[in-house]
Each structure stands twice: as structure tokens, then as C-alpha cells.
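Each reported figure results from applying straightforward, stated rules to the coordinates on display, with no laboratory input. Treat the numbers as computed from the prediction; the structure is a model and nothing was measured. Cβ coordinates were reconstructed from backbone atoms using ideal geometry, including for glycine residues, and neighbour counts include every protein chain displayed.
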Amino acid sequence: MEGLMNKLRHLDAYPKVNEDFYSRTLSGGFITLVSSVVMLLLFFSEIRLYLHPVVETKLVVDSSRGETLRINFDVTFPAIACSILSLDAIDISGEQHLDVKHDIVKDRLDVNGNVIEVRPDGVGSRKMEKPLQRQGGRLEHNETYCGSCYGAESIDGECCNSCEEVRDAYRKKGWAMSNLDLIEQCKREGFFQKIKDEEGEGCNIYGSLEVKKVAGNFHFAPGKSFDQSNIHVHDLQAFRKNRFNLSHTINRLAFGDHFPGVVNPLDGVQWMQKQPIGMYQYFIKVVPTMYKDENGHTIQSNQFSVTEHFKGAERGLLDNLVGVFFIYDLSPIKVTFAEGHVSFLHFLTNVCAIVGGVFAVSGIIDSCIYHGQKAMEKKMEIGKFN
């Protein structure tokens with residue numbers, strides 16, 4: 001039994017030195033104090049990392065199909081009235097959403113940016129108190145009214161009972177309305193008076209769009225939009241203006257829901273128009289993103305990058321499409337973020353590495369200082385004898 005104990009004693013990798021042979025120095029005490037502080041700092045840093053979730057990032061091919069893209073926006077136009085500002089969305093598949101009003105809110109702004117009126121119904125003239133007869137005047141009791149569409153009827157007997165319906169009928173035909181003074185419904189509804197009353201006002205338009213998850217664009221532009229020979233144009237003749245100030249501030253623009261760490265590069269961006277007319281374009285690359293928290297909850301959203309370009313008009317206002325365009329395309333690569341915690345064994349390994357590493361490095365430093373001092377003392381002693 002005693003022989004076995006002796007063999008185990010010879011295997012000891014940590015031989016002990018009698019305390020009588022220890023030599024404690026001032027430099028050793030200072031190094032011990034510094035290394036202890038470093039150990040504590042690294043230890044608490046490792047505890048913080050262990051207690052808080054870490055986010056792992058992966059890139060995968062986006063294989064989703066048939067999904068929709070939600071666009072949340074909040075844009076302020078300080079020099080365009082709400083009555084003439086419209087929102088359109090067009091995608092590469094040919095689907096069009098013209099003069100979007102659903103889930104859109106417009107705030108009329110004065111010259112100082114203060115809200116005058118909130119319009120949850122979006123673009124459009126106010127309705128008449130009573131409908132007009134075709135020959136003029138007001139209807140009473142239960143009379144039936146059918147207003148003229150002024151040649152833009154799609155079927156015989158179609159009625160246009162408001163200025164908005166007449167303009168829509170013209171838009172469907174691909175016609176521009178050159179003179180609204182001749183439209184009885186527009187005169188009775190005070191269309192031009194409304195535009196005149198809002199002269200010099202601004203508009204804050206905000207809300208959301210639900211579009212197909214394909215490349216496309218959405219844009220803010222003055223006037224009603226329509227297709228003319230398969231070309232998207234806006235009817236600007238009715239406003240009798242030769243320029244529109246498209247200066248704007250993007251308060252918020254996001255493609256999808258918010259998730260931790262997301263950065264929307266256009267939030268707070270402001271642009272001031274210097275040329276008389278033109279088209280301001282934002283070219284956006286949308287990157288599908290999935291965020292999964294530590295509880296397993298998943299958020300399907302998007303990130304995006306953007307470049308900007310202004311295209312000045314070479315000819316007159318009527319020969320150019322003016323507006324603020326957001327042209328987006330989708331990346332085939334999807335980014336996934338997954339929250340997780342460091343395992344306890346990994347934490348324990350890091351703590352051991354911290355303690356052992358700091359102890360070893362401080363021991364090397366102390367040894368170098370100690371032997372350096374001894375060498376200097378020895379040289380000084382030799383110098384004295386010489």
C-alpha cells in the first residue's frame with residue numbers, strides 16, 4: 001500500500017515548495033493586485049454574456065412564395081396640398097393600385113407645419129349635400145338623378161353623380177380633363193375653390209400598403225393617374241399650375257414589422273427641391289429577414305438599402321411624370337437572426353481560460369521583472385568590486 005502511495009506521489013505535477021524558500025517582492029504584489037482586478041473584470045464580462053442572449057446570424061436562400069409585402073410610411077410634403085396629392089402602387093406583374101385610399105390618412109398642414117385638418121378618407125373632393133339634376137338645380141324628395149359623364153360612359157346609361165366620378169370615368173378611358181369649368185358637378189362641389197383655399201398648404205400622408213412580394217414601385221404625385229397608351233401618367237391640367245414643389249421629409253419608411261436592431265436608412269431623411277420640376281427616385285433593395293427570439297417567437301420582416309437620384313425635366317410639365325418614386329426590388333437571400341444563450345459548459349470553459357490565462361501571463365511578467373532585478377543587482381555588485 002505504501003508503494004502505491006509513493007508511485008502516486010511521483011505523479012504529482014504540482015510540487016510544493018517550503019514557505020521558507022519563498023521570496024515575496026513589491027513588484028510581485030503589484031502584479032498580483034492588477035491581475036486580480038483584470039480577472040474580476042473579465043469574469044463579470046463573461047457572466048453578462050452568459051446571462052444575456054446572443055444573436056446568431058445566418059444567410060439562406062429565400063424560398064417563400066405567395067407572400068405579401070407590407071409597406072409602412074409617413075411622409076411630409078410641406079408645399080403640396082392634400083387635395084391634389086395621390087398615392088399609386090404598381091408592381092412588375094402588372095397589378096396596379098391607383099389613387100390608394102384604404103389605410104391612408106392625410107393631415108393638412110399650414111405654412112408652419114401645424115395640423116389643420118385630418119382626412120382619413122384620403123384623396124377626393126367633398127360630396128354634395130344633395131345630388132344635382134342633369135339640367136342643374138337640386139333634387140328633392142325621391143327623385144332619381146343620373147349625372148352626365150361627358151362622353152366617358154363605359155356603358156350606356158352610366159351615371160356620374162359627382163366630380164370625383166366624372167374624373168374617374170375619364171381616367172378609365174385614359175383621357176385627361178382639360179377644363180373642369182365645363183363640368184357641372186365640379187362647379188357645384190366647389191372643386192377649384194377647394195384647391196384655391198388650400199393654396200400654400202402642405203400635407204402629411206401616412207399609413208400602409210399591402211402589395212405582392214415582387215419588384216415594383218409606389219409613388220406620391222400630384223393629380224389623378226391613368227393609363228394612356230400603356231403609359232402611366234397623371235392628369236395635371238386641372239390644377240392650372242406649371243410647377244410643383246416636391247420637397248419632402250420621410251418621417252418613417254419600413255418594409256414589414258419592427259424587430260430588435262433594425263435600422264431603416266430613410267427615417268428622418270429630408271430633401272429640398274431646387275429645380276422647377278422633375279422626378280425624385282429612391283432605388284431600394286429589400287432584404288427578407290426573419291428574427292427569432294429566445295422564446296421561439298418569430299417575426300417575418302425586411303431590411304433594405306437605398307440609393308437616390310433626381311431626374312430633372314427636359315421639357316414642360318405636361319410632358320413629364322413628376323413625383324416622388326420609391327422603386328423597390330427584392331433580394332433572393334434571406335437573413336435570419338436567432339437569439340440564444342451560451343451553454344453552461346462553454347461559460348465554465350471561458351472562466352477557466354480567463355483565470356488560467358491571466359495567472360500564467362502575470363507569472364511570466366513577474367518572473368521577467370524578478371530576474372531582471374536580480375541581474376541588475378548582480379552587475380552593480382560586480383561594478384563595486386571592480
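Based on the Cβ-Cβ distance from LEU59 to ILE155, what FRET efficiency comes out when R0 is 56 Å, to the nearest 0.05?
0.55
Taking label positions 7 Å along the Cα-Cβ direction at both ILE369 and ARG252, the computed distance is 5.7 nm, reported to one decimal. Loop-located GluC sites (Glu not before Pro) across region 20-105 with a Cβ neighbour count of 12 or fewer within 10 Å are GLU67, GLU95, with loop assigned by DSSP.
Potential lengthening of the chain between ASN6 and ILE382 amounts to 130.8 nm, from the contour at 0.36 nm per residue minus the alpha-carbon distance. Of the listed pairs LYS106/LYS194; LYS212/LYS292; LYS194/LYS311; LYS285/LYS311; LYS172/LYS196, which have alpha-carbon separations greater than 22 Å here? Cα-Cα > 22 Å for LYS212/LYS292; LYS194/LYS311; LYS172/LYS196; rest within.
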